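Some notes on the structure that comes next.
The values are calculated or read from the model by the stated rules, or taken from the named source; none is laboratory data. For clarity, every value in this text was computed on a predicted model and none was experimentally measured. Neighbour counts run over all protein chains shown; Cβ positions are idealised from the backbone, glycine included. All accessible areas refer to the heavy atoms of the entire protein, side chains included, with ligands and DNA or RNA removed. Shrake-Rupley method; radii C 1.70, N 1.55, O 1.52, S 1.80 Å.
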Amino acid sequence: MSQKSVKRFPHLPKSLTSTFIISLILLISLSSCKDKKVAKKSLQYVKTTVAEGIGQESMISYPGKTKASETVNPSFKVSGTISRVYVKEGDYVKKGQLLAEIDPHDYEVQLSATEAEYAQIKADAERVISMYNEGTATASNYDKARYGIQQIEQKLSHHRDQVSYCRLYSPMTGYVQNKLHDGGENVSAGMPIMTLFTSSNTEIEIFIPASDYGRRSQMTRAICSFDVMPDNIYPLDISRMSKDANASQLYMIRFSFKPGADVSRITPGMSTMVYVSYSKDGEAGSVRIPSSCVIRKKDQSLVFVYDKTTHCVSPRVVTTGPLDTRGNIEVLSGLTAGETVVSAGVRFLKPGQRVIEADKTTPSNVGKLL
């Protein structure tokens, strides 16, 4: 300690003077650190994310369900009481196999009467034709006999068909999906008795909104995956597409599996997720960010871009695209891949505001929720 310092506190002992100066220095230092901590605490913490480039294509996911490519509802051509149904749900049937029968009694009685009528008319007609050939019958009687035979033959054929229509045969090879009626029930002609579906081809059906249907020509590829087979990805082809929307303003699209795909484990009725890629017709590559990054102000979409050097944020007007099922939104313009944007706390920010980027690995941030 210099003599000059001692002279400044002549009334204190030399040892106490040194202790006082050291304490004063520590007090000033602690006060300075406290001011810095208070300043840091006054800054807002924000969560950030990096804009992910998605190139010249955007991919949208749709929930779907597998469907049989061909489904039929066989029915009887005549009315009556079902005597027996020979199949049940899940049964495998072949084309031409007997499925069900209607009690044919009434139609058999009708056929017997027509057969007797046919025998009588045919005998009378043959006598008239024979007399006409001998010159003892008029041409008018000959024509009546000839047309009478034609008429009764058609009537007989129709009643024979009605008896045969009492048996219902499978129009295709496949499986019984639903059995709608059982033996003892009265059914009308044309009423479906069961539902059959083919087992050879399985398709996937999805419904898309009008906004996506309007750019259906930009669909480049489609794939699907199943929760029960998470390691398998199946490429798809569009097989057919509806031209009109349903009551919910959605359009139906059917996809078929590309040749060579192993679909042995896929059956109708399974849930799946279909991913469809859309081209952008030469637009600059867009980016994908969480939808929480975007706010609306004065009919504009804004994001706050974070500068890691200055720790300041600045608003940016962007043009947004569709929202996917994972909560990410596509940004068509105004943002480039690799830029850092604020994803949490956006609504409380001001242009040029200094913020602190939330530490994603601190012990207090369990699960990286901040």
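Annotations
- Using a Förster distance of 41 Å, the FRET efficiency for TYR86-GLN110 (Cβ separation, nearest 0.05): 0.95
- With R₀ set to 35 Å, the beta-carbon distance separating THR138 from VAL163 gives a calculated FRET efficiency near 0.40.
- Ranking ASN328, THR310, VAL287 by how far each Cα lies toward the positive end of the dipole of the stretch 283-331 (charges on Cβ) leaves THR310 at the top.
- Extension gain for ILE238 to LEU180 (0.36 nm times residue separation, less C-alpha to C-alpha distance): 17.7 nm.
- Of the trypsin sites (Lys or Arg not before Pro) in the stretch 264-323, those whose Cβ has at most 15 other Cβ within 10 Å and which sit in DSSP loop: ARG265, LYS298, LYS308
- Dipole magnitude of the stretch 149-224 about its Cα centre (Cβ charges: Lys, Arg +1; Asp, Glu -1), debye to nearest 20: 200
- Accessible surface, the stretch 171-228, averaged per residue in Å² (probe 1.4 Å): 48
- Full-extension gain in nm, SER130 to LYS65, via 0.36 nm per residue minus C-alpha separation: 16.3 nm
- Amide H to amide H, with H built 1.01 Å from N, GLN44 comes under 5 Å of ILE356, counting only residues 5 or more places away or on other chains.
- Table column - 3J(HN,Hα) (Hz), the stretch 49-54, Karplus curve with 6.51, -1.76, 1.60, x for Gly and Pro: 8, 9, 5, 9, x, 10
- Under a 5 Å amide H cut-off, with hydrogens placed 1.01 Å from N, SER333 pairs with THR319 among residues at least 5 apart or on other chains.
- GLN300-LYS258 FRET efficiency (beta carbon distance; Förster radius 35 Å; 0.05 resolution): 0.20
- Pairs from the table (LYS94/LYS243; LYS243/LYS297; LYS67/LYS94; LYS95/LYS243) lying more than 28 angstrom apart at Cα are LYS94/LYS243; LYS243/LYS297; LYS95/LYS243.
- Estimated distance in nm for a label pair at ASP324 and THR340, the labels positioned 7 Å out from Cα along Cα-to-Cβ: 2.4
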